[in-house]
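What follows is calculated from the coordinates using simple rules that are stated; it is not laboratory data. It should be emphasised that the depicted structure is a prediction, and the values quoted were computed from it without experimental measurement. Glycine gets a Cβ as well: all are built from the backbone with ideal geometry, and neighbour counts include every protein chain shown.
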């Protein structure tokens with residue numbers, strides 16, 4: 001290997017380590033478009049790796065995968081990104097009282113890709129969980145609700161336990 005190749009390899013390793021240290025996923029995401037949308041729209045509150053920010057926004061590392069495994073949970077995911085969510089919720093025994101904005105300005109394909117990034121790349125859903133499709137978002141978009149109704153719906157689908 002040339003000196004230049006060694007230098008470039010070292011730089012790549014250094015940058016990869018730096019990105020991991022600041023919370024960016026180390027592996028290439030399966031849903032790259034969703035990852036870009038997440039970083040542009042969600043990471044400011046939920047963190048670059050979805051671990052959440054204390055007193056601001058909950059982590060996205062477990063519940064989205066659980067939600068994606070059921071029809072009502074999938075509805076909850078779609079409703080949350082389309083209409084936002086506000087009020088008190090509990091995630092991993094921590095309370096959050098926040099106002100998540102709606103992202104209805106984004107198209108259905110982008111929202112589906114973003115949710116799939118969260119569900120599969122961040123929350124590591126099981127292999128038998130079906131990815132969300134743009135049609136799932138379009139179906140929820142046809143029945144608008146407000147953020148308080150999204151929180152109420154969440155009470156029926158929020159997973160128990162850790």
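Kirkwood hydrodynamic radius for segment 56-162: how many Å is it when counted over pairs of different Cα atoms? One decimal place: 13.7 Å for the Kirkwood radius.
Each of 106, 111, 60 was scored by other Cβ atoms within 10 Å of its Cβ. Listed from fewest to most, they are 106, 60, 111.
In plain terms, the residue of 136, 102 with the fewest other Cβ atoms within 10 Å comes first and the most crowded comes last, giving 102, 136. For segment 31-157, the relative contact order comes to 33 percent (Cα pairs under 8 Å, sequence separation of at least 6). Per-residue Cβ neighbour counts within 10 Å put 114, 80, 90 in the sequence 90, 80, 114, beginning with the fewest. The Stokes-Einstein estimate for segment 97-140, based on a Kirkwood radius over Cα pairs and taken at 4 °C with 1.567 mPa s viscosity, is a diffusion coefficient of 113 µm²/s.
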